[in-house]
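Beneath this line is the structure, given in structure tokens, with notes to follow.
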Amino acid sequence: MITAVIALPHVELPSLLSASSARADARPLVPTPRPPLGADQRAILLSDEGVAIEVVVARELRADAPTELALTLWGADGAPLDVDEIVVTFEGPSGGARGFAARKDGVGRYLVSYAFPADGTYVVRVFPPVGDVAFAAELQIGPAAPSS
């Protein structure tokens, strides 16, 4: 499912992916640029079957506080993945999951908000409508559990 997980302080993904294949009938799509990362944000880069996603989220996440995730997606050809709907699920420490449709915020860019109900490790899954592509990342909400 996941072929890479990289936490990046700041990266411009179009420079990482090839954008060489342009559609002959139209100008190539260009992703809506995201604002520069703030000191309180982090970016997570994931890829699956040639599709890449950047997830921007706060560095420290708290339970019961609305958290926004900004998602930027690129297809295997390096062009932004501009689709009508992307589904995002949040699976909590107890195993229960909730799903939401991310809202479009520009070409290839989507936003989803969620208030994590309790501290713990959550698995966030993103399902773009591209074959069997799916992304998963763990997010720690609140303080990390003490190691034994």
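The values are calculated or read from the model by the stated rules, or taken from the named source; none is laboratory data. The structure presented is a predicted model; accordingly, all values stated were derived computationally and were not measured. A quick note on method: Cβ atoms are made from the backbone with ideal geometry, for glycine too, and the neighbour counts reach across all protein chains shown. Heads up: the accessible areas ignore ligands, DNA and RNA and are worked out on the full protein's heavy atoms, side chains in. Shrake-Rupley method; radii C 1.70, N 1.55, O 1.52, S 1.80 Å.
Of note:
- Residue check, T72 at pLDDT 85 or above and surrounded by 13 or more Cβ atoms within 10 Å (Cβ to Cβ): yes
- Output for segment 97-109, where each listed residue is within 19 Å of S47 (Cα to Cα) and at pLDDT 95 or above: A102
- The sole residue among S94, S47, S15 that is touching a Gly at 6+ places or on another chain (Cβ under 9 Å), at pLDDT below 95 and of a type in the set (S, T, Y) is S94.
- Screening D64 against (1) over 14 Å from R125 (Cα atoms); (2) part of a strand (DSSP E or B) leaves a single unmet condition, (2).
- Considering segment 48-62, the residues that are open to solvent by 30 Å² or more (accessible area, probe 1.4 Å) and touching a residue at least 40 places away in the same chain (Cβ under 8 Å) include one that is farthest from V87 (Cα to Cα), namely R62.
- One residue from V133, V83 being at pLDDT below 95, part of a loop (DSSP other than H, G, I, E, B), open to solvent by less than 60 Å² (accessible area, probe 1.4 Å) and closer than 17 Å to L45 by Cα: V133
- Every residue from segment 110-130 that is farther than 20 Å from S47 by Cα and surrounded by 15 or more Cβ atoms within 10 Å (Cβ to Cβ): Y114, F116, P117, D119, G120
- Residues (among the β-branched types (V, I, T) and within 29 Å of A144 (Cα to Cα)) located in segment 42-85: I44, I53, V55, V56, V57, T67, T72
- Enumeration of residues in segment 95-127 that are outside any strand (DSSP E or B) and under 19 Å from V83 (Cα atoms): D105, G106, V107, G108
- A search for C-beta distances below 8 Å between a residue of segment 99-110 that is under 22 Å from Y122 (Cβ atoms) and free of Cβ contacts under 8 Å to residues at least 24 places away in the same chain and any residue that is open to solvent by 60 Å² or more (accessible area, probe 1.4 Å) and acidic (D, E), counting only pairs 6+ apart in sequence or on different chains, returns A101/E85.
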